[in-house]
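First comes the structure, then the notes that go with it.
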Amino acid sequence: MAAVAGEKNSSSEYPATLSARGLTKIYGSGEIEVQALRGVDLDFLEAELVVLLGPSGSGKSTLLNILGGLDSPTSGEVFFCGRKLTAGDASDLTRYRRDHVGFVFQFYNLIPSLTAEENVALVTEIAKAPMTPADALALVQLSDRLNHFPAQLSGGEQQRVAIARAIAKQPDVLFCDEPTGALDSETGILVLQAIENVNREIGTTTVLITHNRVIADMADRVLCFGDGRIVDSWGNKQRRRAQELRW
C-alpha cells in the first residue's frame, strides 16, 4: 500500500524515491512577500504515479521545480534515494537533473529543424545509459513518425515526442506539469496513455500536475494543494487506465 502524504514508508518493498520535509518557498520580501509553499512534507515512492491537484497559485509547480532541482527552497529539505539534495551545490543539482530527472511541460519545446528522432537524440547523446531514440518513440506509439519534423506532427504527437525525449535517458523520476493543458480530450488521453506506458513499462516514479480531477483516477495517489499546503490526499485502490478516462 502506498504511503500517505507526509508519512515515511519504511518498507524496503516501497522505498521512497523522493522525500520532502518542511519545504517552504517565499518569493519577494516585505509587503510583497508571497509564500508559495508552507511546510510541505511528502514521499514519492518507487514506480508510483502521483497526481497533484489544485488551483493556479496553490504551490504545485513551485513544488515540482524544487523537487526537480530547478529551484531551491527557502527552508526545508529534499532527499533523493536517501541523499539530501538540498545539501548540494549548483553542480550537484545539474548532475541530478541530467542523470535522474525527466521533465514534460504544457508546451513541447521541440526544435523545429530537427526530426522527432533527432529531438530525442539530443538527450540520449549526453545520458549515461539511454535507450535508443527509436525505442523511446516506440514506447509512446510514434515508431511511424521518426523522420517527421514538428511542423508535420499534431499537437498530441509533439507532446508524445517531448515525453519520449524526457524518458529516453531512463530517468528515475518524471515530472509532468499540465501535459494535457493545451490539448483536447481525445488527444490528451493519448498523451496520458504515453505517460502511463512509461510508468508501467520502465517503472519511472511519475508526478503529474493537472487541474483536471478526472485524470486523478489513473493515479496510485492524489495530493490536493491549496495555499501552499497539502489540504487533502487519497489513494486509489485500483488505477483506471488512461484510455477509460472521459472529460
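Derivation of every value follows stated rules applied to the coordinates shown; laboratory data play no part. As the structure is a prediction and not an experimental result, all values here were calculated from the model. All Cβ positions, glycine included, derive from the backbone under ideal geometry; neighbour counts span all protein chains shown.
Compute the signed sum of charges (Lys and Arg +1, Asp and Glu -1) over the other residues within less than 11 Å, Cβ to Cβ, of Ser75.
+2
Roughly how many whole Å is it from the C-alpha centroid of the stretch 123-144 to that of the stretch 223-247?
If you average the Cα positions of each part, the centres end up 29 Å apart.
Quick check for you: which residues of the stretch 64-105 have the amide N under 15 Å from the point 7 Å beyond the Cα of Ala182 toward its beta carbon?
Answer for this model: 104-105.
Compute the projected area of the convex hull of the Cα atoms of the stretch 29-89, averaged over all viewing directions, and report it in nm² to one decimal place.
Values: hull surface 21.1 nm².
So the Cα hull casts an average projection of 5.3 nm².
State which entries of Lys84/Lys128; Lys84/Lys237; Lys169/Lys237; Lys25/Lys128; Lys84/Lys169 exceed 29 angstrom in Cα-Cα distance in the structure shown.
Working: Lys84/Lys128 22 Å; Lys84/Lys237 31 Å; Lys169/Lys237 31 Å; Lys25/Lys128 32 Å; Lys84/Lys169 22 Å.
Violating the 29 Å limit, Cα to Cα: Lys84/Lys237; Lys169/Lys237; Lys25/Lys128.
Could you grab the Rg to Rh ratio for the stretch 16-238? Cα atoms only, Kirkwood for Rh. Can you show the working numbers first?
Numbers: Rg = 17.2 Å, Rh = 17.8 Å.
Computed over Cα atoms, the ratio is 0.97.
Counting each DSSP H run of 4 or more residues in the chain as -39500 (n - 2.57), what helix-only mean residue ellipticity at 222 nm follows after dividing by all residues, to the nearest 500 deg cm²/dmol? Walk me through the numbers on the way to the answer.
Details: 6 runs with 66 residues, N = 247.
Rounded to the nearest 500, the figure is -8000 deg cm²/dmol.
What range in the chain is the longest one free of GluC sites (Glu not before Pro) that are in a loop by DSSP and have at most 13 other Cβ atoms within 10 angstrom?
126-247
How many nm is it between the label spots at Ile111 and Arg95, if each spot is 7 Å from the Cα in line with the beta carbon?
2.6
I want the antiparallel fraction of DSSP beta bridges within the chain, as a percent rounded to 5.
On the way: 22 of 40 bridges.
So the antiparallel bridges amount to about 55 percent of the total.
Based on alpha-carbon centroids, what's the gap between the stretch 9-74 and the stretch 193-214 in Å, whole number please?
18
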